[in-house]
Amino acid sequence: MISYMEAFYQTLSKGYLFPRWASELNNGYGSSILILLPPLRNYLGASIHWLCQISFQTITKILFFNLNLIIFPLCLWLFYKLKHKAKYWFFLLAVFFFTALILNNYPADYFYFVFSFFSFFLWLTQQVKRKLKLALTYLALFISAFSLTAFYWLPATLEAKEIKSFLNNIKQSPITKPSPKVLTALTNTEKVEFIYQHRPPFLWYGYELNLPANTRLQFHVFNYSGWQVFFDSQPVVLEKPDQENKNLITFTSPPTAGYHFLEIVFEKTKVQALADTITFITLGLLISYAGYVYFQKRV
C-alpha cells in the first residue's frame, strides 16, 4: 500500500536502515506493521522515489507485478550454474537473489521456496559426481541468505503474535483525531509544570518537568514494546496498553517530587537487536570473503 511505502521511506530517510515503526500511520499515533511486511518492495520504492523524485502513487503502479516471477527463476538459474561453475561471484550473486526472494515474501511462505530448491538440488545431485561439495556450497548459500535477512524474518516471526495483538488493540481504540504527539498529565494536572520540550530527533522526545511525586502521564503515541521511557536516565515501567488508557504510552513519574528530565524513545527490542547483529556480521563476512578471493586471484 502507498501509505506503508511512504511511512517506510520516511523512517528510512531519518537514518533507520531497517524501518520498523511507522510514526505517521493511524493518524500519527504510529504502528509496528512495518515489522511484518516484506521490505523488498518498500526498499525499491524508497530508492526510486529518492533517485527520480517520482510519487509513491506512480511507483506502486510501476511495481504492480509480482517480483517473485523475476527473482525465483533467476535463483534457479544461478543454482544450476553453481553446479558447473563454483566461482565466487556466482555464489555471491546467488546469495543476493535468494536474499531478495526472502525479503519479498512473508516467513510463512518460506517453506514452499525451500522445498522447491531442495527438490531442485536433489535433481542436480543426480548429474554430478562431487555431491558433497555441491551440497556444502548450497548449504553455505542458504545459511548466508537467511543470516543476511535475519533483520526481517526473525522479528517478523518471533514478534508476530505481539504485533497482531497490537494491531487488534488499536483497531478497537476510540481515537479518531490526529495525534498531537504531546505529553499530558492525567493526575495532578494543575501542579505539573512543563519547563521545556526539546526539539526531538526522529522517534525521540525529551521534556524538562517540575511535577509532584507519582504523577500519571500519557504520551499520545500508541504503546508498543519498542517504546521506552526514562526519568533522569532511569527506565520506567509502562502501563499495559488497554482501552482505559486508549492504548497510548502511559506511565507514572518517580516517587520524588521536583525537577526531572523525561525521555521517550523508540529502541530495538532484544529480538531486533539480535537479528540486526546477525545481519551485520553476515554482511561483513561476505564482504571479507569477496575481498579475499578477489585479491588472491590478482596475486
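The values are calculated or read from the model by the stated rules, or taken from the named source; none is laboratory data. Just so it is clear, the structure is predicted and the values come from calculations on it, not from any experiment. Virtual Cβ from ideal backbone geometry, glycine too; neighbours counted across all protein chains shown.
Things to note:
- Restricted to strands (runs of 3 or more DSSP E) entirely inside segment 198-299, those with at least 3 residues that are buried (at least 17 other Cβ atoms within 10 Å of the Cβ) are 204-211, 216-222, 227-231, 248-252, 258-266.
- Qualifying residue in segment 134-153 (condition: surrounded by fewer than 19 Cβ atoms within 10 Å (Cβ to Cβ), more than 32 Å from the chain's Cα centre (by Cα) and over 18 Å from LYS270 (Cα atoms)): no
- Per the listing LEU51, LEU40, the residue uniquely at pLDDT 95 or above and outside the structural domain of ASP109 (by TED's automatic domain parsing) is LEU40.
- Contacts under 7 angstrom Cβ, first residue in segment 49-71 being over 26 Å from TYR106 (Cβ atoms), partner surrounded by 14 or more Cβ atoms within 10 Å (Cβ to Cβ), 6 or more apart: ILE54/ILE48
- Qualifying residue in segment 12-30 (condition: assigned to a helix (DSSP H, G or I) and either within 15 Å of the chain's Cα centre (by Cα) or over 20 Å from ILE170 (Cα atoms) (or both)): yes
- Restricting ILE170, ILE163, ILE143 to residues that are in a helix (DSSP H, G or I), farther than 17 Å from PRO38 by Cβ and at pLDDT 90 or above narrows the list to ILE143.
- From the options THR269, THR252, residue that is of a type in the set (Ser, Thr, Tyr) and in contact with a Gly (Cβ under 9 Å, 6 or more places away or on another chain): THR269
- Filtered by the rule that a residue be part of a helix (DSSP H, G or I) and under 14 Å from LYS83 (Cβ atoms), segment 130-140 gives LYS131, LEU132, LYS133, LEU134, ALA135, LEU136, THR137, TYR138.
- Residues of segment 238-269 satisfying the condition of being under 13 Å from the mean Cα position of the chain (by Cα) and over 27 Å from GLN197 (Cβ atoms): none
- Checked against the criteria, THR184 does not count as more than 30 Å from PHE8 (Cα to Cα) and not hydrophobic (A, V, I, L, M, F, W, C).
- Restricting the first member to segment 284-295 and to residues that are not assigned by TED's automatic domain parsing to the domain that holds PHE96, and the second to residues that are in a helix (DSSP H, G or I) and of a type in the set (Val, Ile, Thr), no beta-carbon pair is closer than 7 Å while six or more apart or on different chains.
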